[in-house]
Amino acid sequence: MRVLSGIQPSGALHIGNYCGAIRQYIALQEGNDAFYFVANYHALTSVRDAELLRRYVFDVLVDLLSLGIDPEHATLFVQSDVHETTELAWLLTSVTPMGWLEKCVSYKDKVQQGLPAEHGLFAYPVLQAADILLYDADVVPVGQDQKQHLEITRDIAERFNHVYGDVFRLPKPYILDQVAVVPGIDGRKMSKSYQNTIEIFDEPAVIRKKCKKIVTDSTPVEAPKNPDTCPLFGLYKLFAPAGDLAEVERRYREGGMGYGEMKTRLADAIIEHFAVARERRAEWVAHPTRVAEVRAAAAERARRSARIVLDRARVACGMD
Ligand code: ADP
Ligand code: TRP
């Protein structure tokens, strides 16, 4: 099965990205043909400083490698190393009705957050469709917020196939309910654009400070608490050491356990969870040429695969 996903280099990766997407990337690289990429064409909609964008691309590559994407198992490449992407995006643009893009919530959200209403942002889902269809992806692991983009990808593929014959494979989203939306420290969806993130590679002291800031209600220490509806517990559950979870949950329900203790436990669990990755990260950062080698080898593999599908699409619409 071909698995494919992309992540934007628009800032440091956070634990929402990890639980919503990266954890699944790592699990799915075993036994599948996995392609993961750094979506730097997409990041042009928000990062306008060339040097900064280069750095973010490097950082995301290093983060993914440190977290456990294994270049022996998965093809980890950079979107702009495969020029075929933009050509396919244009072929797809030509069969995409305006109305499909107009109804996209992510465009409306981003404009509301202050991003300029530019064509690149509006056409973002078409470029994403090109990313996915170019590799004959079967399964696309993402967080809930990408569901609509996956639906549009399928719609565009069906439309193209209907007009030009059977060219594209229809991909399926892979979204885990349990981690569909990881809350940020203010209770809204954790997102770089809300400045409510806990970054995966924040210094341990920063992780502790951010955990302390997580918004909670005013239930007193002695009162029983409902772990099923408490965002703080929800976060803890994602990182809790297997042996501790049942006991902590029982104490939470019984009462006597305050939010302060819970925040400390959460910070400990997050720091511990990423301890090995943090060490591996220092290794990769010290050897940038190894990162460049991984990138170059992956680009070549990705381009070989992309070329086949692009040629199929070019022939189908008379561009050959
Ligand atoms: P951000 O909202 O911080 O800019 P991205 O849009 O770059 O994050 O998301 C990268 C991946 O991480 C996507 O697959 C997205 O669905 C997932 N993701 C982002 N934030 C969360 C979250 N809070 N909970 C679950 N998944 C998330
Ligand atoms: N739009 C995705 C996000 O913001 C990133 C992305 C670009 C992507 N192309 C993709 C995800 C293709 C999955 C498949 O998170």
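The values are calculated or read from the model by the stated rules, or taken from the named source; none is laboratory data. Everything numeric here is computed off the predicted structure, so don't read it as measured data. Note that we place each Cβ from the backbone using ideal geometry, even for glycine, and neighbour counts take in every protein chain shown. Calculation scope for accessible area: heavy atoms of the full protein, side chains included, ligands and nucleic acids excluded. Shrake-Rupley method; radii C 1.70, N 1.55, O 1.52, S 1.80 Å.
Of the residues Asp49, Asp81, Asp59, the one that moves most in a GNM of the chain with alpha-carbon contacts below 10 Å is Asp49. Taking the 1.4 Å solvent-accessible surface of the chain as the whole, the part contributed by carbon and sulfur is 53%.
Here region 19-96 is described by how far its Cα atoms reach on the three principal axes: 36, 32, 22 Å, from widest to narrowest. The loop-placed GluC sites (Glu not before Pro) in region 2-87, going by DSSP, that have at most 11 neighbouring Cβ atoms within 10 Å of their Cβ come out as Glu30, Glu72. Among the listed pairs Lys147/Lys225; Lys189/Lys209; Lys209/Lys237; Lys147/Lys209; Lys110/Lys225, those with a Cα-Cα distance over 29 Å are Lys147/Lys225; Lys147/Lys209; Lys110/Lys225. Less than 14 Å Cβ to Cβ from His73, Lys/Arg counted +1 and Asp/Glu -1: what total charge do the surrounding residues give? Once positives and negatives cancel, what remains is -2.
Share of Cα-Cα pairs in region 202-273 beyond 20 Å, in percent? It works out to 23 percent of all Cα pairs. If you average the C-alpha positions of region 91-116 and of region 169-224 separately, how far apart do those two centres end up, in angstrom? Cα centroid of region 91-116 versus Cα centroid of region 169-224: 27 Å apart.
The amide H of Asn196, built 1.01 Å from its N in the peptide plane, has Ser191 as neighbours under 5 Å, considering only residues 5 or more places off or on other chains.
Couplings 3J(HN,Hα) for region 282-291, derived from phi with the Karplus relation 6.51 cos²θ - 1.76 cosθ + 1.60 (θ = phi - 60°), are 4, 4, 5, 4, 6, 10, x, 5, 5, 5 Hz, where x marks Gly and Pro.
Of the three principal axes defined by the Cα atoms of region 163-286, the extents in descending order read 66, 41, 31 Å. For the chain, the Kirkwood estimate of hydrodynamic radius, built from reciprocal distances between every pair of different alpha carbons, is 20.9 Å.
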